[in-house]
């Protein structure tokens, strides 16, 4: 059984993996900060709502936040668009998310 020669693709796959790793690592660091801020904000809102100071319209918040999730899907699609190393980028991205 003869295997195809992958030599021409090794550079692209290496770059894709390294780029994905770097982006994933940055997302992890920024994501932690955003998660902390979001969690603290949620706790503050709940405390204010429980104390009767504010009334939160959670349905409106859900409607306003949904485009952010669509933006995430579009971002991943853009980062891997027309790249022969898209699979290695995504693999590197998830390794970057797991990195210290």
Ordered by fewest other Cβ atoms within 10 Å, a rough proxy for footprinting exposure, 41, 88 read 41, 88
Expected max-MSF residue from 86, 31, 16 in the GNM of the chain (alpha carbon, under 10 Å) is 31
Longest principal axis of the chain (C-alpha) makes with the long axis of helix 86-98 (C-alpha) an angle, in degrees to the nearest 10, of 50
Comparing 19, 44, 87 in a Gaussian network model of the chain (Cα, 10 Å), the one with the largest mean-square fluctuation is 44
Checking 38, 76, 18 against a Gaussian network model of the chain (alpha-carbon springs below 10 Å), the top fluctuating residue turns out to be 38
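When a footprinting reagent is the concern and you count Cβ atoms within 10 Å, what order do 13, 43 take, fewest first?
Numbers: 13 18, 43 10.
By the 10 Å Cβ count, ascending: 43, 13.
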Whole-number value, in Å³ per residue, for the convex hull of the alpha carbons of the chain is 135
Computed over the chain: longest principal axis from alpha-carbon atoms vs helix 7-50 long axis, angle to nearest 10 degrees, is 10
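For 28, 63, which order do you get if you count the other beta carbons within 10 Å of each Cβ and list the fewest first? Numbers along the way, then the final one.
Working: 28 15, 63 10.
By the 10 Å Cβ count, ascending, the order reads 63, 28.
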Longest principal axis of the chain (C-alpha) makes with the long axis of helix 58-79 (C-alpha) an angle, in degrees to the nearest 10, of 10
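Read-outs throughout are calculated quantities, based only on the coordinates presented, and are distinct from any laboratory measurement. This is a predicted model, so every value here is computed, not measured. Neighbour counts are summed over all protein chains in view; Cβ atoms, including those assigned to glycine, are modelled from backbone coordinates with ideal geometry.
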